[in-house]
1. Under the rule that a partner needs its Cβ under 4.7 Å from the first Cβ, which Cys of the chain have none?
2. Can you pull the percent of Cα pairs in the range 174-257 with separation above 16 Å?
3. For the range 68-199, state the semi-axes of the equivalent ellipsoid (square roots of 5 times the eigenvalues of the alpha-carbon gyration tensor), sorted largest first and rounded to whole angstrom.
4. Counting helices only, and only those DSSP H runs with n ≥ 4, report the 222 nm mean residue ellipticity of the chain as the sum of -39,500 (n - 2.57) divided by its residues, in deg cm²/dmol to the nearest 500.
5. If packing is taken as the mean number of other Cβ atoms within 10 Å per residue, what is the order of 189-197, 214-222, highest first?
6. Residue separation times 0.36 nm, minus the C-alpha to C-alpha distance between ASP299 and GLU127: what's the value?
7. Could you pull the Rg and Dmax for the range 266-330, using just the Cα atoms, both in Å?
8. Can you work out the Karplus-derived ³J(HN,Hα) for every residue in the range 228-235? Use 6.51 cos²θ - 1.76 cosθ + 1.60 with θ = phi - 60°, whole Hz, and x for glycine or proline.
Amino acid sequence: MQNMLEEIRKKALTELDAVTSGALLEDIRVRYLGKKGEITSILKQMGRLSDEERPVIGAFANEVRTYIEGLIVSKSEQLDKLALEARIARERIDVTLPGRRRDLGHRHPMSIVLDEVKDVFLSMGFEIAEGPEVDTEHYNFSALNMPQWHPARDMQDTFYITDEVLLRTQTSPVQIHVMEKKKPPLRVISPGRVFRKDEVDATHSPMFHQIEGLVVDKGITMADLKGTLETLVRRIYGEGAVTRFRPHHFAFTEPSAEADIMCFSCHGSGCRLCKGEGWIELLGCGMVHPNVLSGCGIDPEEYSGFAFGLGLDRMTLRRFGISDLRLLFENDMRFLSQF
Ligand code: DAH
């Protein structure tokens with residue numbers, strides 16, 4: 001009997017070692033310690049032993065039972081810990097990128113488009129700059145050649161925290177932060193959230209996203225601006241994509257323009273997608289205004305630059321044929337899991 005118990009102990013150790021699930025563990029517990037289990041049946045046969053053998057074997061049987069119980073408890077703890085670790089890994093969320101579930105292979109449609117745009121600019125030697133979402137009216141307006149009295153401020157009414165501190169209405173203030181910190185040559189893009197006092201509907205949101213671009217160096221001209229933006233458009237929309245530049249006004253650039261892309265659905269004849277225009281507005285751009293450069297301590301006689309700002313949300317809607325801007329922000333898995 002002693003030998004049998006010794007065998008059981010060894011067998012239990014090997015079997016328990018290999019256990020990978022709670023169900024298997026319970027199986028083993030029943031097989032050894034249950035009512036009809038191997039240890040239990042040995043204990044039941046104690047009556048057949050002689051008076052000398054009984055206490056010795058009995059003590060040993062109890063020892064083996066305690067040993068197996070101990071193994072089961074520690075295995076169970078080990079399995080619980082593994083299950084918890086797996087759950088934590090499964091439920092871990094990448095908070096740096098909204099809506100991005102790498103583990104499921106899904107990515108937010110806006111992250112997809114943003115990464116494409118970033119790739120294009122990084123390959124042209126641009127760096128990525130970040131700026132604050134809560135900024136001052138100085139950076140958001142004044143330093144961008146929009147003094148307090150400037151009527152263009154009204155077009156970008158925003159959320160004020162105090163008279164001076166506000167939620168930025170555009171990513172353009174990052175231009176100022178960059179130019180104050182670094183000296184030319186500068187080549188940066190700056191994606192980020194911006195805020196305006198807009199009612200929510202299918203095409204408007206009080207929070208949306210822009211990608212700002214800024215290049216400052218000696219001898220930068222409008223040709224550099226056009227070449228750079230055409231490269232972007234071709235890489236994103238295909239080699240056949242056609243762009244046009246329309247004169248426009250922005251206080252912080254002179255001259256200023258808006259760039260359109262020829263409608264890729266109707267190729268210029270006018271359709272629902274382009275609202276009959278034949279062209280789709282893509283971004284605002286221009287040559288950095290001398291006042292803006294000199295305000296940042298950069299001599300406009302020596303340096304020149306171009307800047308642009310494009311709307312990431314609308315670009316994403318067009319790219320995937322999404323009809324309602326709200327879908328981008330509602331975090332509805334039925335929508336997000338399609339990407
Ligand atoms: N900040 C402008 C807006 O939100 C967009 C823009 C226009 C950015 C021209 C620029 C630029 O950098 O040069 O309407």
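The values are calculated or read from the model by the stated rules, or taken from the named source; none is laboratory data. Note that the structure is predicted; figures quoted are calculated from it, not measured. Every residue, glycine as well, gets a Cβ built from its backbone with ideal geometry; the counts of neighbours run over all protein chains shown. With ligands, DNA and RNA removed, areas are computed over all heavy atoms of the protein, side chains included. Shrake-Rupley method; radii C 1.70, N 1.55, O 1.52, S 1.80 Å.
1. CYS285, CYS296
2. Values: 2368 of 3486 pairs.
Value for the range 174-257 (Cα pairs over 16 Å): 68 percent.
3. Working: eigenvalues 430, 78, 40 Å².
Equivalent ellipsoid semi-axes, largest first: 46, 20, 14 Å.
4. On the way: 11 runs with 138 residues, N = 339.
Here the helix-only value at 222 nm equals -13000 deg cm²/dmol.
5. On the way: 189-197: 19.2, 214-222: 16.9.
So the order, starting with the most tightly packed, is 189-197, 214-222.
6. Values: separation 172, 0.36 × 172 = 61.92 nm, distance 2.22 nm.
Gain on extension, ASP299 to GLU127, equals 59.7 nm.
7. Using the Cα atoms of the range 266-330, the pair Rg, Dmax is 17.9, 48 Å.
8. Karplus values, whole Hz, x for Gly and Pro: 5, 5, 5, 4, 4, 4, 5, 5.
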